[in-house]
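Computed from the coordinates by the stated procedures, all read-outs in this text should not be read as laboratory data. Just so it is clear, the model here is predicted, and its values are computed rather than measured. Cβ placement follows ideal geometry from the backbone for every residue including glycine, while neighbour counts extend to all protein chains displayed.
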């Protein structure tokens, strides 16, 4: 492999998530969102939230947890969950790559995850499901606005 191919392989995403709803787009930090796409450069890729919301003077206000010391982040993608009640757990789901498949694993979230028509996890039960190119992922309870499309580029490289 020549130098250019090595650099391209390093910089090319392994997969991507497309934010499919306005709420999903608004939940992603703008520095990670490129035309509704979130780059997945490595696996496992962990998704969750860092903040809680509270109603103060009639408005939903995001409240961040204080961070102490130098610690490794719990997630690769921190979503802002502005719904009430909340849909996204602090450690909600992870996308892993096995030797032959992609897997979505619910990290014992409270609200679970739906992939296509199949529901996993919720009420801190966890669960796992095979994830295919083009699958729709909905994080949270039924009717959640946090909907993403999964694409893989493995065969494209």
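Calculated from DSSP H runs of 4 or more alone, at -39500 (n - 2.57) each and per residue, what is the 222 nm mean residue ellipticity of the chain, nearest 500? Could you put the intermediate results ahead of the total?
Values: 2 runs with 15 residues, N = 157.
Value at 222 nm, helices only, nearest 500: -2500 deg cm²/dmol.
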Gain in length, residue 103 to residue 9, computed as 0.36 nm per residue apart minus the alpha-carbon separation, to one decimal in nm?
-> 31.6 nm
What FRET efficiency do you get for residue 31 and residue 124 if R0 is 30 Å and r is their Cβ-Cβ distance, rounded to the nearest 0.05?
-> 0.45
Could you give me the percent of Cα pairs per 10 Å distance bin for the chain, shortest bin first, beginning at zero and ending with the bin that holds the maximum distance?
-> 11, 39, 34, 13, 3, 0
Spin-label pair residue 151/residue 132, simplified geometry with 7 Å Cα→Cβ offset, distance in nm = 1.8
Which FRET efficiency value, to the nearest 0.05, do you get for residue 117 and residue 96 by plugging their Cβ-Cβ distance into 1/(1 + (r/R0)^6) with R0 = 25 Å?
-> 0.70
Relative contact order for the chain using alpha-carbon pairs under 8 Å, separation at least 6, rounded to a whole percent?
-> 23
